[in-house]
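So the structure is just underneath, and the comments pick up after that.
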Amino acid sequence: MSRDAVKFGRMSKKQRAILQAEVQKLLKEQRTEMSGGLQSPESQAEQPSTTTPELPHSIQPSAWSCHSRWDSSCSTRSCSLPRMQLQREPLVLHTSDKAQEEATVRKSYLRDQQHQRESENVRPNVFHNLEPYCSLNFSSCLPPECMVSATELELLMQNVVFAHQETCQFRQENLQILRWETFSPGEMQNFQQKPMDQMWERCVCHITDAIQYIVEFAKRLSGFMELNPNDQIVLLKAGAMELLLIRMSRAFNCYNNTVFFEGKYAHLELFHSLGCSDLISSMFDFSQLLCTLNLSEHEMAFFSAMTLLNPGHPWLQEKHKVDILYRKIHLAFRHLLRRTHREFILMKLPEKEKLSSICQLHQEKLNIFLQMYPSIAWERFPPLYKELFISETETS
Ligand code: HC3
């Protein structure tokens, strides 16, 4: 094994073959389970591989599709379902599975904590030995109605971290293991020769799958479900793509500039046929930038939560509620950073404008695509993607 291989956790050929077989098996099982017997084997083979091996069963799209408006996964091939209306009932979590979910979350938290202690013993455990509230000198930035106790702060930290851990789609360990598995020149060429509309449809489907996890992340953030339905929608519409970009950096190998896509790591050129290399370049650049910060999963969780709960959106009806939530999470984040001696991270996080400019570029490229292939977008893009990014006027 080379030094790099050891450094980046590379495995022997045999171990890798076993792992890949396991991943393939999981993906296959997942696909069968999620297709729910609705599809013919042929249409399943046509589909891009699903990317949902790690979502607990209780929150798999197939399990909550009847209960949520945010359910239009490609994996369930709901692209042909009628478009769902926004502005209705609030998002609902599966209550029957809740106790079980919480037990799973707790177990996974304890396991991850144990794992983290073993692998990251340089970083102190952030959830213990919490200082008494009065010594947290930064509570002054909160208005009196949202003062937090030490216990509340601790619970909030756990909540944000759990929400991320349980909905992050791919475990960091697995992404690390596969990070040197890149597409061969032949495979690259195969992607590059695909017609533009097919490649768009494929990417949009993966993006939609990833966004379903993001919606689940939002739903699990304490306080989000208590916001009024309009505001939940405003935040998700504005934040889904931003969070996808943040999450992309977890699935990005900054040493060879590749991103995890359909089971392997892909160079920027693979996406050539999409016809929007400036957008893809800025997405890759953003991942590169975030990678240099070397954010831990806890920090990634907080950065995502703060990006989502942005109280600055003009369409919010109860801005003050979002503002209070934002401030509490900001406080918990600062506390975490202080514990881990990484306060400088707050200064280094990319500015909001950086994320929003990439999202705007995505929107522009999508609008061009809509003009070129309106019926493809209308008939084949998943309803969730259309709800988030395509307004009524653009498709009619
Ligand atoms: C490759 C990808 C961006 C990255 C997306 C990631 C890896 C992000 C983290 C999620 O947890 C998993 C995930 C799912 C989908 C991945 C995207 C699929 C396509 C996109 C390309 C860069 C192209 C985007 C182009 C366009 C115009 C459709 O937006």
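The values are calculated or read from the model by the stated rules, or taken from the named source; none is laboratory data. Because the structure is a prediction, the values reported are computed rather than measured. Methodologically, a virtual Cβ is constructed for each residue, glycine included, from the backbone with ideal geometry; neighbour enumeration extends over all protein chains shown. To get the accessible areas, we keep the full protein, side chains included, count just its heavy atoms, and leave off ligands, DNA and RNA. Shrake-Rupley method; radii C 1.70, N 1.55, O 1.52, S 1.80 Å.
Distance between the C-alpha centres of the stretch 215-260 and the stretch 280-313: 9 Å, rounded to the whole angstrom.
Just to confirm, what accessible area per residue do you get for the stretch 150-277 at 1.4 Å probe, in whole Å²? Don't jump to the answer; show the numbers that get you there.
Values: 4040 Å² over 128 residues.
I get 32 Å² per residue for the stretch 150-277.
Evaluated over the stretch 326-396, the count of Lys pairs having alpha-carbon atoms less than 26 Å apart is 8 (only pairs 8 or more residues apart or interchain).
Taking a ≥ b ≥ c as the square roots of the eigenvalues of the Cα gyration tensor of the stretch 295-396, is the shape rounded (a/c under 1.5), prolate (a/b larger than b/c) or oblate?
Prolate shape, in that a/c is at least 1.5 and a/b is the bigger ratio.
Residues whose amide H falls under 5 Å from that of Thr182, counting only those 5 or more places apart or on a different chain, are Tyr265, with hydrogens built in the peptide plane.
Given R₀ = 22 Å, what would the calculated FRET efficiency be for Gln172 paired with Glu226, taking r from the Cβ atoms and rounding to 0.05? Rounded to the nearest 0.05, the efficiency is 0.15.
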